[in-house]
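The values are calculated or read from the model by the stated rules, or taken from the named source; none is laboratory data. Just so we're clear, the structure is a prediction, and the values are computed from it rather than from any experiment. Please note: Cβ atoms are built from the backbone with ideal geometry, for glycine as well, and neighbour counts cover all protein chains shown. Accessible surface areas use protein heavy atoms only, side chains included; no ligands, DNA or RNA. Shrake-Rupley method; radii C 1.70, N 1.55, O 1.52, S 1.80 Å.
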Amino acid sequence: MWKHQHLPFAAIFCLLLAGCCHITDAQATDVKIGAAADIIFLVDSSWSIGNEHFQLVREFLYDVVKQLDVGENDFRFGLVQFSGNPHTEFQLNSYDSMQDILSHISHMTYMGGGTKTGEGLEFLIQNHLTKVAGSRASDGVPQIIIVLTDGRSQDDVVLPSSVLKSADVNMFAIGIQDAEERELKEIASEPLDTHLFNLENFTALHGIIGDLVASVYASVTLEMAAANGAIKDITGNPLLL
């Protein structure tokens, strides 16, 4: 359990710093000129998926990123695979070119292993929601995580999910086949009808791309309209003690 460990202090510090930063009127105006967000995909690559289905996951990620990267939007993308051991594919600041991001997605290797979603979320907090990894949370840019999994987690997802949501990270959960509805609800932000997708099979992934992209845009628009643009200070969260 996390309460018996040193939690990812570098990442938490980054979130706290963002929460303490005052966003000036000029900064808020700059953010609102075009849609801006840091979007990180956390993708299950356990043995239950298999090579054929993992190819459908690649195609899904490719199409989602391509549809999000349009117009004057300032979106950055990160990607993490999780199974028994989480693995960084690329961070928010790894690539300057969208073509490089899409090429990486197309060629990423299927890992295989168990299904430790909680460990994947913790790894993401430690290694991706930091300024050095490209996060712009301290500038008031919305932070979005999209979790895709096909099964029940072998570890706890409640604690890392609650820490992320308490810091105003916008969480989307996509479950496929044997994913557990209760776990998806623990991961996803409210409202669940726009943040949770539970699919019968991998071929159904293609059919939700439009709805997912629309929901991401809607969440970004709402966060920017909120004007505070900063992540909450979660210093007093007893889960972190």
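Here are a few things to note about the model shown:
- Matching residues in segment 103-143 - criterion: being of a type in the set (Asp, Glu) and in contact (Cβ under 8 Å) with a residue 60 or more places away in the chain: Glu122, Asp139
- Qualifying positions in segment 173-187 - in contact with a helix residue (DSSP H, G or I) (Cβ under 8 Å, 6 or more places away or on another chain) and either β-branched (Val, Ile, Thr) or open to solvent by 20 Å² or more (accessible area, probe 1.4 Å) (or both): Ile174, Ile176, Gln177, Lys185, Glu186, Ile187
- Residues that are among the hydrophobic types (A, V, I, L, M, F, W, C), within 12 Å of Leu121 (Cβ to Cβ) and part of a helix (DSSP H, G or I), drawn from segment 169-202: Ile187
- Number of positions in segment 70-90 that are within 17 Å of Phe54 (Cβ to Cβ), open to solvent by 70 Å² or more (accessible area, probe 1.4 Å) and outside any strand (DSSP E or B): 1
- Some residue of segment 24-41 being modelled with pLDDT of 95 or more and open to solvent by 70 Å² or more (accessible area, probe 1.4 Å): no
- Selection within segment 188-210: residues that are closer than 19 Å to Glu223 by Cα and not charged (D, E, K, R). The member of this set that is surrounded by the fewest Cβ atoms within 10 Å (Cβ to Cβ) is Pro191.
- Residue count for segment 157-168, restricted to those that are in a loop (DSSP other than H, G, I, E, B) and either without any contact (Cβ under 8 Å) to a residue 60 or more places away in the chain or crowded, with 24+ Cβ neighbours inside 10 Å (or both): 1.
- When restricted to residues that are hydroxyl-bearing (Ser, Thr, Tyr), part of a helix (DSSP H, G or I) and open to solvent by 10 Å² or more (accessible area, probe 1.4 Å), segment 91-127 contains 2.
- Just one of the numbered conditions (1) under 21 Å from His87 (Cα atoms); (2) in contact with a strand residue (DSSP E or B) (Cβ under 9 Å, 6 or more places away or on another chain) is not true of Ala137: (1).
- From the options Leu121, Leu79, Leu129, residue that is modelled with pLDDT of 95 or more and in contact with an Asp or Glu (Cβ under 7 Å, 6 or more places away or on another chain): Leu79
- Selection of segment 128-156 for residues being in a strand (DSSP E or B) and not hydrophobic (A, V, I, L, M, F, W, C) yields Gln143, Thr149.
- As a summary of the residue check, Gln143 satisfies the conditions (1) crowded, with 24+ Cβ neighbours inside 10 Å; (2) modelled with pLDDT under 95 except for the one numbered (2).
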